[in-house]
Every structure is written in C-alpha cells, then in structure tokens.
1. Any chance you could count how many residues in segment 82-94 are in a loop (DSSP other than H, G, I, E, B) and within 25 Å of the chain's Cα centre (by Cα)?
2. Name the residue, out of V75, V61, V79, that is touching a His at 6+ places or on another chain (Cβ under 7 Å), of a type in the set (V, I, T) and surrounded by 11 or more Cβ atoms within 10 Å (Cβ to Cβ).
3. Would you tally the residues in segment 72-83 being at pLDDT below 90 and over 22 Å from S97 (Cβ atoms)?
4. All but one of (1) modelled with pLDDT of 85 or more; (2) surrounded by 11 or more Cβ atoms within 10 Å (Cβ to Cβ); (3) of a type outside the set (D, E) hold for G69; which doesn't?
5. Just the residues that are aliphatic (A, V, I, L, M) and assigned to a strand (DSSP E or B), please, taken from segment 39-63.
6. Got a sec? Which of S97, S66 is among the hydroxyl-bearing types (S, T, Y) and either in contact with a Pro (Cβ under 6 Å, 6 or more places away or on another chain) or in a helix (DSSP H, G or I) (or both)?
7. Could you tell me whether D54 is at pLDDT 85 or above and within 27 Å of the chain's Cα centre (by Cα)?
Amino acid sequence: MIVENIGTIKTQVQIPNTARAPVSDALPKDSKPEVKAEPEIKVSQALLNDVQHDIQMMRNVGLQFSVHGATGRTVVRVVDKETQELIREIPPEEFLSLAARLDEMIGILFDKNV
C-alpha cells in the first residue's frame, strides 16, 4: 500500500459584480412608487369582548408541576390563582393510575429479574 502526501490546491474564483442599482434610480423621476392600502378589517364587539375575557382568564391561571409517585412522570396542574380550583391536569390522574396498574401487571406476568 502506497501512501502519498496530498498538498493543498489553491484556486481563484472570480465572482461577477452583481450589484444592482438602488431602487430610486430604477424608477423614472416623475413617477411615484405605488402604495397599496391594507384591507380594512372589521371586528365585532362580541369578538373583542371574548378576547378580553380570554386574556383576563390567562392572567388568573397558574401552573403547578409535580411528579406522579407510582409512574415517575411529570404532572402539570392548571389551577385558578384566586380559588385554587383545578382547571385541568395533564396527563389526567386516571391515565397515570392506569399506567401504574399496567406496570404492576407486567411485573406479575414477566419476571423482570433475570
């Protein structure tokens, strides 16, 4: 097996001058650029009230993070800051309990210590 030293090859690449003329030079002196008017968007008062209500609700919502004991998975609880009422739990407790029971059943059916 013959190993040869490979040197570096220097090449020069010429990049053509592609600079463009400024936009102001491209337009005729007497013409003005077109300004397109944005379409007017009409929003109902009911929609604005709904959005305002949703924004207010987001300010009153808190997140609590914990770890489910049996599965070791992270649980996120969405609660009302004022009343501490549970709004939503992600994932739900029922799913975590089911997952824990399935893990127990798998442990009963198959011996994990081989």
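The values are calculated or read from the model by the stated rules, or taken from the named source; none is laboratory data. What you see is a predicted model; the values in this text were computed from it and never measured. Cβ coordinates were reconstructed from backbone atoms using ideal geometry, including for glycine residues, and neighbour counts include every protein chain displayed.
1. In the first step, residues of segment 82-94 are kept if they are in a loop (DSSP other than H, G, I, E, B); the result is 82-85, 91-92.
Then drop every residue that is not within 25 Å of the chain's Cα centre (by Cα), which leaves 91-92.
Number of matching residues: 2.
2. V75
3. Summing the residues that are at pLDDT below 90 and over 22 Å from S97 (Cβ atoms) in segment 72-83 gives 3.
4. The single condition G69 does not satisfy is (2).
5. Of segment 39-63, the ones aliphatic (A, V, I, L, M) are 41, 43, 46-48, 51, 55, 57-58, 61, 63.
Scanning segment 39-63 gives V61, L63.
6. Going through S97, S66 in turn, just one is among the hydroxyl-bearing types (S, T, Y) and either in contact with a Pro (Cβ under 6 Å, 6 or more places away or on another chain) or in a helix (DSSP H, G or I) (or both): S97.
7. Details: at pLDDT 85 or above: no; within 27 Å of the chain's Cα centre (by Cα): yes.
So D54 fails the test.
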